[in-house]
Number of protein chains: 4
Amino acid sequence: MTEPTAQERSTGPTPPTNSFASDNASGVAPQVMAALAEANTGSALAYGDDDWTRRAEATLDELLGRHVETLLCWGGTGANVVGLASVLQPFQSIITVDSAHIVVDECGAPVRFSGSSLHTAPNADGKLLPDAIDEFAHWLGSEHHPQPAVVSVSQATEMGTCYSLDELAAVCDRAHAHSMRVHLDGARIANALAAADTSLATMVAQTGVDVMTLGMTKNGAMYGEAVVFLDPDLARHARFVRKQAGQLPSKARFVAAQLLALLDDDLWLHHASHANAMATLLARSTEGLEGVELVREPQVNSVFVRLPRERIEALQAWSFFWDWDLSDRLMRWMTSWATTTQDVEQFRNGVAHLLDDD
Amino acid sequence: MTEPTAQERSTGPTPPTNSFASDNASGVAPQVMAALAEANTGSALAYGDDDWTRRAEATLDELLGRHVETLLCWGGTGANVVGLASVLQPFQSIITVDSAHIVVDECGAPVRFSGSSLHTAPNADGKLLPDAIDEFAHWLGSEHHPQPAVVSVSQATEMGTCYSLDELAAVCDRAHAHSMRVHLDGARIANALAAADTSLATMVAQTGVDVMTLGMTKNGAMYGEAVVFLDPDLARHARFVRKQAGQLPSKARFVAAQLLALLDDDLWLHHASHANAMATLLARSTEGLEGVELVREPQVNSVFVRLPRERIEALQAWSFFWDWDLSDRLMRWMTSWATTTQDVEQFRNGVAHLLDDD
Amino acid sequence: MTEPTAQERSTGPTPPTNSFASDNASGVAPQVMAALAEANTGSALAYGDDDWTRRAEATLDELLGRHVETLLCWGGTGANVVGLASVLQPFQSIITVDSAHIVVDECGAPVRFSGSSLHTAPNADGKLLPDAIDEFAHWLGSEHHPQPAVVSVSQATEMGTCYSLDELAAVCDRAHAHSMRVHLDGARIANALAAADTSLATMVAQTGVDVMTLGMTKNGAMYGEAVVFLDPDLARHARFVRKQAGQLPSKARFVAAQLLALLDDDLWLHHASHANAMATLLARSTEGLEGVELVREPQVNSVFVRLPRERIEALQAWSFFWDWDLSDRLMRWMTSWATTTQDVEQFRNGVAHLLDDD
Amino acid sequence: MTEPTAQERSTGPTPPTNSFASDNASGVAPQVMAALAEANTGSALAYGDDDWTRRAEATLDELLGRHVETLLCWGGTGANVVGLASVLQPFQSIITVDSAHIVVDECGAPVRFSGSSLHTAPNADGKLLPDAIDEFAHWLGSEHHPQPAVVSVSQATEMGTCYSLDELAAVCDRAHAHSMRVHLDGARIANALAAADTSLATMVAQTGVDVMTLGMTKNGAMYGEAVVFLDPDLARHARFVRKQAGQLPSKARFVAAQLLALLDDDLWLHHASHANAMATLLARSTEGLEGVELVREPQVNSVFVRLPRERIEALQAWSFFWDWDLSDRLMRWMTSWATTTQDVEQFRNGVAHLLDDD
């Protein structure tokens, strides 16, 4: 599906400035832009041998209250690849849910690079249930079977849901009981932390996640993601894996500067809280409209709705958003750090207008 | 080798503001910073479905005088992987020189991702001689041998040399005679074009290169590289390969905006000419100094010198640069778009001072 | 699970000469042994450039009534890898059922070698339902998703069931409607053909399978499997893939001679019919025994039963067989070309004795 | 090049029964055939859980005077892949010579499966010089470079030469000094042992090889090769790697039985001595012929000669052999366990006849 051209757009109320297509359709936060400008001063050795990178690493240690290994990468798919391939042998495999980003939305990147198979369990509202791990664990030890060694979860999930600390701990406990590691895809970890009103240190300490990505781009950065190895021993191959995966940033100071800006004074969590609040506002504003069926109370920054089949195209043409499952009339509206209450109001008005159109 | 700490630095003249360590140690050009700020306006769909990307693609078509396929990527290693893997089957292989970046400096990324073997010929001042292709071409057709299908050259080379148009055409002709494709690693293509005082369109038309990378980062960008398929048919798998290689930028408008800024009014070539001129100036300024042995007249933006073994560390401590082959006392000094005549003068003074030190 | 040692064995009736552990626990058919001896005469060029291989290829063409490409390989896992990787690009993927041999029993070989992801649908008695293909087909065309390009089925399935010609045709039609190819894992294709009382030519012609393995080892050979590309165009990379996958037999005449022996006078189908008949006899002989719960009427050469949990170990110790799902008390008894009616009788007596033991 | 058809053959003296094309053009030794027949008795669990395999493993332990891990595989390419991939991480790489089988003759199998790069040094009569290791060793520790972790040598080499124990020890010492492991491709290890009149235990103990293949097929077996991990700790992933590489034999007893037959009463060494002696005889018989230029005194079972360009085709048509480097008129004649003195005499007569032909 491509963005509609001007002539495809229906007339209607003024569309919102910030679309509800995705959180990566938004731009870059002003504090991040300022940090990029500040970092643009003189020479700095490339590939992470610079002061910004050293400060970013130290800041993560501080944030988590212990020494961790932080590796800056270019993007979310690459960061997942680096995190997973660093802790896997190619004959080992990954257990996750069928809706995971690493299964559906990375064109098979983790599999091709790592050589590891992906085993998928049905998702429960986007989440992996601990019992699903057992389904594959009995393969361990026999040379005939792929050897599951990593359980991968997303927090928040692709379905806009979050694991509670207890739920996440249960997954980690089950994985660890089978000597598996837990990988957390944290492209939207800030939204999950904000929703649970907890800190990253707490979430990590109370669950036992072993390696995670820390999403920046969807939360106000221009580009860049971090991979964090909570147990530094797990990272002993990681720098080689990152380079071999094409994920070592050249002028790394500019990734580090963005991470520092986001972590400074909890900007990342403020961004996430705001995005989450805008999703709730959007749900409240639209749930009463004729034809809008709210699928689930928003937990983070997405609103899943069912819309009347015959109005979907006109609405997308007016202000674009993605369909999640067209056969089920399921649509996803997504908010971000940049969404304003005026955007929500304008969008609500357009939805009301276009659903009412015939 | 890591950058020396403050206490390791010898006293001496004021070191240059812009170091001669590498062109990716320099910062971001002001026009690029301005373009990033301008692109930061409202929403734009991610992954290249935006106006900046469409304009960048059109600009490349215009620059080359024909329709090409341009894919924006994160970094140089990734762009090489995407270009190579898009035109290779895993049982096919790559012929290049032993000094190539894809052999030496990418931690095996193209090999691991593509599954293809790399065959290396000895380099002639960084360059591949056409006869080297024949050495491997007789493997073609037999299932026992890897099947060479791509010849990869760098322009400019890792040794700071350039293929003349005739030399490059000879490589392309020999490759094509064996039905092989030619990949050009253009991390420093601008420097080569500036040195030859020719255009990209001319170089491509007169040689027959099939797929190339177009370097941005070393030439004033913050990040981002382009892969250009001169024959669009070669790109039919490329978008899938790019995504699977973790090289599809999320907020792609910011990569495109940088490319547009560099191509605007030939800024990329002005940058390259300047860097080249600074290398020549540096060679001229230092070649007469006692102990400095100029290895080769600079062709682009690097100066290769031999230095007295016992002075190397002190000089690196004063203003860092990389040793190229320590056993041979071979050092590389690298200039960039950001190097100033004052940097050259300060560096020359420091070299004079420290070589004269005892 | 390893075979019990002598001292672990309970006393009991004489166990059968040919165990019911698996069809690859049986030995080599006398006609195959004779063919190996006959082929052992003088020199023959290696790697398939020999008369036996040429005759085997011609025999397959004849058997199928058209020109096909037949490649001899070492083993079943390797043959599946060669068949799949020959028709896949690494960003493309495979749709199959969760119980498939390529998912469960090949330690991830097809995934690691091809780079392709495996998508699994729940099996219906071991079989793939056509609708499962649609679940993944909507990914086609978008660079974000793996691109399903091959549907893989097993005939007979791991569960001892067979697709009817109509069922298989329905899978092929659905796959082809999405421009996907159909791979058939035919490790036990002879058993399926015998069960359906049809010929390979008919099965292929009436369904549209594109590439298949033709199992030899489980059906009386010492080693060796064939990959058959029904459409020779699909095989244009296959010889390179086979070599690169380590599946090109050196003294290939000895694989070809076995294949010729099995195809001669329909020996492979006679073997399969016999094995199937022995499974039926075993089911009939044991279904009335106290504690034996027949799970499903045998279609080919396996009998799935549930046994009393507390007697399983003693029975395995007496005459080994594999548990299929211990938590469900599900056991698999497998017959082969070598199984005799006396083996069945002895096994039945042992089961009766040991289930009655307390 | 394919074998000439009958009508392409020139008239001439009766050609030898056993061709000099390759040692894998020969058949199977009678003792091996007998062992295969003997092993064909009743059931035996597949995949190595059988008495023959256990005896073969024990025999290797005995042969080497210590516990080693022996894994049976299908073929030579696969055995090299299993040995190498078991001791490599994908970002690590292999140092070897440009003439190595793993470089030239395995269609890139080790690279594709392991993900590891191959670095090639020029060969010195087929052999690797220790200094070549240093060329790549300075890459160790830097994430930019592939990390050389294995040095691979062939004994005997592709050029028909052998490392002396001292030469091999020097390579091992240099490799170990850089914490690299030594892999030995032993497709013709028996010929090398026979030539040096030493035992495998001595060669291993006095050099320090870490993992090796032990060739069977070229030395009288029908199929099958062994991978031997001299340090069992190195084999901790090896069984999974073997299965994932498609190299785990199903009816493994038949591979083990062949290995036992070859090791019994030193049959493998007698075979090798005989083949070596036949090569020496062939060199002696032909070196005086007009037009035959002996390139090097045979060390094992190959004779390298230069022949008059215009007679090569006629000779190959009469009794086939492979050209090694046609542009240099370099031909390889290969003997085996099956070569007879009559074969040598007949071949010598044909060469004399056909070189004298005009």
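Quick look at the numbers
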| item | result |
| --- | --- |
| Positions within the stretch C:313-354 being farther than 18 Å from C:Gly288 by Cα, in contact with a strand residue (DSSP E or B) (Cβ under 6 Å, 6 or more places away or on another chain) and open to solvent by 60 Å² or more (accessible area, probe 1.4 Å), in sequence order | C:Trp322, C:Trp324 |
| Of all residues making up the stretch D:303-329, the number that are touching an Asp or Glu at 6+ places or on another chain (Cβ under 7 Å) and part of a strand (DSSP E or B) | 2 |
| Where A:Ala275 falls short, out of the listed (1) over 30 Å from A:Leu64 (Cβ atoms); (2) in contact with a Ser or Thr (Cβ under 6 Å, 6 or more places away or on another chain) | (1) |
| Candidate set from the stretch B:112-123 (those that are surrounded by fewer than 24 Cβ atoms within 10 Å (Cβ to Cβ) and either within 18 Å of the chain's Cα centre (by Cα) or part of a loop (DSSP other than H, G, I, E, B) (or both)); member that is nearest to the other protein chains (Cβ to nearest Cβ) | B:Pro122 |
| Which numbered condition C:Gly141 fails, given (1) within 14 Å of chain A (Cβ to nearest Cβ); (2) crowded, with 17+ Cβ neighbours inside 10 Å | (2) |
| Only one of B:Val150, B:Val81, B:Val87 that is of a type in the set (A, V, I, L, M) and within 14 Å of chain A (Cβ to nearest Cβ) | B:Val81 |
| Check on A:Val211, closer than 19 Å to B:Arg242 by Cα and either buried (at least 24 other Cβ atoms within 10 Å of the Cβ) or charged (D, E, K, R) (or both) | no |
| Index of the failed condition, B:Thr340 passing every other in (1) within 22 Å of the chain's Cα centre (by Cα); (2) free of Cβ contacts under 8 Å to residues at least 24 places away in the same chain | (2) |
| Residue in the stretch A:169-189 that is open to solvent by less than 30 Å² (accessible area, probe 1.4 Å), more than 14 Å from A:Asn80 (Cα to Cα) and not hydrophobic (A, V, I, L, M, F, W, C) present | no |
| Search result, residues across the stretch B:226-245 that are within 14 Å of chain A (Cβ to nearest Cβ) and either aromatic (Phe, Trp, Tyr) or open to solvent by 10 Å² or more (accessible area, probe 1.4 Å) (or both) | B:His237, B:Arg239, B:Phe240, B:Arg242, B:Ala245 |
| Enumeration of residues in the stretch B:192-225 that are away from chain A (no Cβ under 14 Å), small (Gly, Ala, Ser) and at negative phi | B:Ala192, B:Ala194, B:Ala195, B:Ala196, B:Ser199, B:Ala201, B:Ala205 |
| Out of C:Asp49, C:Asp105, sole residue that is closer than 29 Å to D:Tyr47 by Cα and within 11 Å of chain D (Cβ to nearest Cβ) | C:Asp105 |
| Leading residue by the ranking (farthest from B:Gln247 (Cα to Cα)) among those in the stretch A:246-267 that are more than 11 Å from chain B (Cβ to nearest Cβ) and open to solvent by 10 Å² or more (accessible area, probe 1.4 Å) | A:Asp265 |
| Residue within the stretch D:349-356 that is farther than 29 Å from D:Ser164 by Cβ and either under 24 Å from the mean Cα position of the chain (by Cα) or not in a helix (DSSP H, G or I) (or both) present | yes |
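The values are calculated or read from the model by the stated rules, or taken from the named source; none is laboratory data. These numbers were taken from a predicted model, which means no experiment stands behind them. Note that we place each Cβ from the backbone using ideal geometry, even for glycine, and neighbour counts take in every protein chain shown. Accessible surface is based on the protein model in full, side chains and every heavy atom, while ligands, DNA and RNA are left aside. Shrake-Rupley method; radii C 1.70, N 1.55, O 1.52, S 1.80 Å.
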